[in-house]
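This report concerns only the one structure given below.
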Amino acid sequence: MDERERVLLTLAGVRVFMGVFWLVNLLWRLPTDFGQGNYWGLPHTFEVAHEHGVTPPVRTLVGDVLVPHTTIAGWLLFVLGLLTGLSLVLGFVTRLGAALGLLQAIVLTLFLGNAPGQWLYGYLMLVLLSALLLLLPVSRRLSVDDALGREP
């Protein structure tokens, strides 16, 4: 196996890892209550974001839009996370999955990066890794996109 092949397989592995990451991330906010009784369920996460979002407009958005509509937001976020994870694991419409992952990483950073007990740099690394999935040829191996002959 040459170096180029190793690089492409490594990128595919990172893509699959991030897909599994987004799928596992669904476990703390499952429908229909979206983890309401859990310490890190979606309602609690919205409360933390409302108190500690990185900017006043983020805190206002969470408090005025997401908190009163937790069920609708929960379903949208669940479907978004499911599509992101499946897209990246399967390597199907990979650029879209990578873009959705980047969007989620940015939102998580804006919502929770400033909260007590959270490590901002961990969220920033998630943003960076998600951006790399969007920019690099991560679907050239072990992917439906590659099997269908789609260009990354």
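Looking across LEU83, LEU103, LEU142, LEU126, one residue alone is of a type outside the set (S, T, N, Q), open to solvent by 80 Å² or more (accessible area, probe 1.4 Å), under 19 Å from GLY13 (Cα atoms) and at pLDDT 95 or above. It is LEU83. Figure legend. Inter-residue proximity from segment 43-68: first residues under 9 Å from PHE111 (Cα atoms) and β-branched (Val, Ile, Thr), second residues outside any helix (DSSP H, G or I) and open to solvent by 30 Å² or more (accessible area, probe 1.4 Å), beta-carbon distance below 6 Å, spacing 6+ or different chains. Indicated pairs: VAL54/ASN114.
With a cut-off of at least 2 residues that are basic (Lys, Arg), name the helices (runs of 4 or more DSSP H) lying wholly within segment 1-70. Explain how you work it out, then say what you get.
Values: elements: 3-24, 42-52, 56-61.
Once the helices (runs of 4 or more DSSP H) in segment 1-70 are filtered for at least 2 residues that are basic (Lys, Arg), what remains is 3-24.
What do you reckon, is ALA115 aliphatic (A, V, I, L, M), modelled with pLDDT of 95 or more, open to solvent by less than 50 Å² (accessible area, probe 1.4 Å) and part of a helix (DSSP H, G or I)? No, not satisfied.
Considering segment 6-20, and only residues there that are open to solvent by 50 Å² or more (accessible area, probe 1.4 Å) and either free of Cβ contacts under 8 Å to residues at least 12 places away in the same chain or in contact with a Pro (Cβ under 8 Å, 6 or more places away or on another chain) (or both), the residue that is nearest to SER130 (Cα to Cα) turns out to be PHE17.
The values are calculated or read from the model by the stated rules, or taken from the named source; none is laboratory data. From a predicted model like this one, the values you see are computed outputs, not experimental measurements. Don't worry about glycine lacking a Cβ; one is built from the backbone with ideal geometry, like all the others, and counts go over all protein chains shown. Each accessible area value is taken on the protein alone, full model and side chains, heavy atoms only, with ligands, DNA and RNA left out. Shrake-Rupley method; radii C 1.70, N 1.55, O 1.52, S 1.80 Å.
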